[in-house]
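One structure below.
The values are calculated or read from the model by the stated rules, or taken from the named source; none is laboratory data. This is a predicted model, so every value here is computed, not measured. Note: ideal-geometry Cβ built from the backbone for every residue, glycine included; neighbour counts use all protein chains shown.
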Amino acid sequence: MFPTDAVAAGECSAPARRDPTYILVDAWMDSYPREPASVTLDIDDTCDVVHGHQQLSLFNAHYDERCFLPIHVYDTEKSRPVAVVLRPGKTPGGVEVRALLRRLVRHIRTRWHNTQITFRGDGHYARPEAMAWCETNGIDYIFGLSGTKPLARKVDEVADDIRTRRAIENLPVLRGYTETRHKAKSWDRERRTVARIEATMLGLDIRFVVTSLDVGSAEWIYDSLYCARGQAENLIKLHKTQLASDRTSCRSALANQVRLVLHTRPLIG
């Protein structure tokens, strides 16, 4: 997880001990008195605006800024950072996400051999390469998923029922949940997909998540498990506003990665 394109693509073979990112991973693991039975790790990226031409900085049209998009990984149950990875200012692709998960899990497994790991993230991380790797290696995931017409048709009957009941009962809001099996064009298999359907006087709002988990109701998967990732967003805001972690003004990408680690270390405690 060096802050370079080669490492983002999983092409670097340098020893893990030389990577400053693993300092945080080790500190997080040290915070546990013993190997936990399971951990849920939230993964998200955030805009880090730059004011120059630092290595890895790119113009991002969504933010209308030249920036980095560093990836943050948190153990939100403990409110502890696990890793922060400096990276270019563009949405991570499937190969990059897979490489990051692989390297992080590989390091965790050097000490925790039996812990069940679940990754949780928004739609940026629902990449077929990442999901396939997780399934092959016994890692669970729950990721946001963009809606498509074929996917919407699979939940249309339930959505119509919720919309009708809201209108008949004259309710301001009525929410329901359902699930289906879905295979997108880029996927090699069907996967469990959960839908949260909310009917209001303004119409329908449907949100989807895809998961490897085969337990729990659709409501529990979405409301209790997936929505808990909101705490990671709060931790990222704290990271930037209270610890000034977006002061990545060095020209060298490696120097800025070290700065990210130094700004993150106080959160370990």
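Values for this structure:
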| quantity | calculated |
| --- | --- |
| Subset of segment 171-206 (residues that are surrounded by fewer than 16 Cβ atoms within 10 Å (Cβ to Cβ) and under 23 Å from the mean Cα position of the chain (by Cα)) | Arg181, Lys183, Lys185, Ser186, Trp187, Asp188, Arg189, Glu190, Asp205 |
| Residue match in segment 120-129 (condition: outside any loop (DSSP other than H, G, I, E, B), out of contact with any strand residue (DSSP E or B) (no Cβ under 9 Å at 6 or more places or on another chain) and farther than 23 Å from Asp214 by Cβ) | no |
| Complete set of residues in segment 130-148 that are in contact (Cβ under 8 Å) with a residue 60 or more places away in the chain and either of a type in the set (Asp, Glu) or outside any loop (DSSP other than H, G, I, E, B) (or both) | Met131, Cys134, Glu135, Asp140, Tyr141, Ile142, Phe143, Gly144, Leu145 |
| Elements of type strands (runs of 3 or more DSSP E) contained in segment 64-117, each with 1 or more residues being closer than 27 Å to Ala244 by Cβ and at pLDDT 90 or above | 71-75, 80-85 |
| Qualifying residues in segment 125-170 (those that are β-branched (Val, Ile, Thr) and closer than 20 Å to Ile108 by Cα) - the one farthest from the chain's Cα centre (by Cα) | Thr136 |
| Some residue of segment 234-254 being farther than 28 Å from Tyr32 by Cα, surrounded by 15 or more Cβ atoms within 10 Å (Cβ to Cβ) and among the polar types (S, T, N, Q) | yes |
| Test: Gln55 is under 23 Å from Ala228 (Cβ atoms) and of a type outside the set (A, V, I, L, M, F, W, C) | no |
| Any chance Val194 is in contact with a Phe, Trp or Tyr (Cβ under 9 Å, 6 or more places away or on another chain) and over 23 Å from His124 (Cβ atoms) | no |
| Condition met for Leu101 (crowded, with 20+ Cβ neighbours inside 10 Å and more than 17 Å from the chain's Cα centre (by Cα)) | no |
| Positions within segment 207-230 being part of a helix (DSSP H, G or I) and surrounded by fewer than 17 Cβ atoms within 10 Å (Cβ to Cβ), in sequence order | Glu219, Trp220, Asp223, Ser224, Cys227, Ala228, Gly230 |
